[in-house]
Amino acid sequence: MTDTKSNGWGGVRPGAGRPKGTTKPEGVRRQHQVRAYDDEWAIIKAFASIVKKDPERAIRMMKTE
């Protein structure tokens, strides 16, 4: 299945693209947007890292206010 244009550029190439099975079984994380000042963004970024690595810790952190 090679779809080529008249000039030979582009089209489908065998072996191109992401290999099948490289995503997690849960699926792909949806993308969200947040507006924040630089100092707030540093906190958000640090907390997001904790959420991804250790969700249970993030839950405990949220409970202790």
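Where a number appears in this text, it was derived from the coordinates with a stated rule and is not lab data. These numbers come from a predicted model, not from an experiment. Heads up, the Cβs are rebuilt from the backbone with ideal geometry, glycines too, and the neighbour counts pull from every protein chain shown.
A few points about this structure:
- Among (1) 14.7, 48; (2) 20.8, 64; (3) 18.8, 63, the entry that matches Rg and Dmax of the Cα atoms in Å as calculated here: (2)
- Of the residues V28, T64, G15, the one whose Cα sits farthest toward the positive end of the charge dipole of the chain, with +1 on the Cβ of Lys and Arg and -1 on the Cβ of Asp and Glu, is G15.
- The count of lysine pairs in the chain whose Cα atoms are under 28 Å apart, excluding pairs fewer than 8 places apart on the same chain, comes to 10.
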